[in-house]
Amino acid sequence: MLFTLTYSTFVGYHFSRISKKYWKVKSKALIEFDRFELENGLRVIVHEDHSTPMVAVNVLYDVGSRDESPDKTGFAHLFEHLMFGGSANIPNFDVPIQMAGGENNAFTNNDITNFYTTLPSANIETAFWLESDRMMSLNFSKESLEVQRKVVLEEFKETCLNQPYGDAWHHIANTAYRKHPYQWPTIGKIPKHVEDATLADVKDFFFKYYRPNNAILTVSGNVTVSQIKDLGNKWFGPIPKGKISKRKLPKEPIQRKFQECTRTAKVPIDALYLAFHIVDRRHQDYYTTDLISDVLSNGSSSRLYRRLLKEQRLFSSIDAYLTGNVDPGLLIIEGKPAEGISLEKAEKAIWKELRQLRNVPLPEKELLKYKHKVESSLSFSEVNILNKAINLAFFELLGDANLVNDEGTLYSKVTTEDIQRVARKIFSKSNCSKIRYMAENES
């Protein structure tokens, strides 16, 4: 589904330069586009939309935290910052964009690093100039590295170390994964990895991944294909391709034993996280799994919210969501018990609801309600040129940009039998990793 501005705390999409930290993937809509490739391997996708005077320019790099070494984590996130710290011919990336009447930003996650700009289509060449210059070569200097290192380390402290439950994803990922590099979060395992990064480390990482043949450029808005071909060849064509090694990540073994982690910390109240392994983003069952998460926790009538929070008053907050990773990811259920309710009682109530999904077929009417919600979300998303640009790039990364037009149908084909089958596969104790936060006793 398309990227929309709904999010859950640990979906895994890390935004360091905007207030929304995570985007959940949802969409539909017929999006017409043209695709071509430059000689240096840069894939270019163009969606013409002449109903707007604006254009969105998006550059997706096929690199995320899963590509880092276990002893050098946080590099993809560090590069999100470094890419705004000046390039070969441009000391400040933001100023020219603002002068052109545009806005720009970026996000990093386990799988990708994505940069985007929206501006008046009359000034589109400004975006091509800026993006191509930093793809050609960053302004590698000790000064730039030190500035961005401090920003990243401060962010680590602010969001992970000094915020209640801020390190939850560290514990979820490390408990649920044993082999795959999803076992550390996008921001990195520990601050020391970024603290120890050298200029040589930074250069090696850049020229290994931030190359045209490891990137996808998408343009959506008031443009023509011929215009983008000319601009693409002018600004990106001269950039030499890199030597991109085939990704060889360790495959996560099937979890066959219940995993548990308990952490006592300075948090306001106890909290519970249940993580279940699910299929990868390309798998047909992803759509069924996403609808399961909606049935559990999408709106006031969803099962966990209505039954456990509103009716039984066992929780003060509860949520369920997918990580949406390219490789096999997780379905997370997180909740904070209401006052006077123990974690044990709260957890027992969650498992009761999960068993019902496993054992009792979901009523067709209930499933149809969530399919309609998906359809509504898709219709809302399709009007935004930036959403379309980001999603075309993401689905191209998955193997076929036209998947952006197929997902509505894939969701609509999910049956109540599919819901029960996948629920039985996912919701077992052996497939679960539990993280408990216990509030420190101040006395």
TODO: Can you spot the lysines whose alpha carbon is less than 21 Å from K208's alpha carbon? Ignore those fewer than 8 places along the same chain.
DONE: K72, K142, K241, K243, K246, K248
Task: Helix 199-209 vs. the chain, principal-axis angle (Cα, 0 to 90°, nearest 10) - done: 90
Open item on the list: Relative to 2.2 N^0.38 Å, what does the C-alpha radius of gyration of the stretch 3-235 come to as a ratio? Two decimals please.
Closed with: 1.03
TODO: Calculate the all-directions average of the projected area of the stretch 259-439's alpha-carbon convex hull, and give it in nm².
DONE: 11.1
Task: Helix-only mean residue ellipticity at 222 nm for the chain, each DSSP H run of n ≥ 4 adding -39500 (n - 2.57), per residue, nearest 500 - done: -11000 deg cm²/dmol
Open item on the list: Tell me the angle of helix 343-359 to the major Cα principal axis of the chain, expressed in degrees between 0 and 90 and rounded to the nearest ten.
Closed with: 80
Task: Folded to 0 to 90 degrees: helix 385-398 orientation relative to the chain principal axis, Cα - done: 80
- [ ] Would you mind computing, in nm to one decimal, how far apart the modelled labels at D400 and D204 are, each placed 7 Å from Cα along Cα→Cβ?
- [x] 3.9
Task: Counted charge near T224, where neighbours are those whose Cβ lies closer than 10 Å (Asp, Glu -1; Lys, Arg +1) - done: -2
Task: Alpha-carbon centroid distance for the pair the stretch 343-359 / the stretch 85-112, whole angstrom - done: 46
TODO: Return the loop-located trypsin sites (Lys or Arg not before Pro) in the stretch 251-308 (DSSP other than H, G, I, E, B) with at most 15 other Cβ atoms within 10 Å of their own Cβ; answer none if there are none.
DONE: K251, R256, K257, K266, R282
Open item on the list: Give the separation of the Cα centroids, the stretch 179-215 to the stretch 30-74, in Å.
Closed with: 19
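Bear in mind these aren't lab numbers, they're just calculated from the coordinates by the rules spelled out. What you are looking at is a predicted structure, and each value in this text was computed from that prediction instead of being measured. A quick note on method: Cβ atoms are made from the backbone with ideal geometry, for glycine too, and the neighbour counts reach across all protein chains shown.
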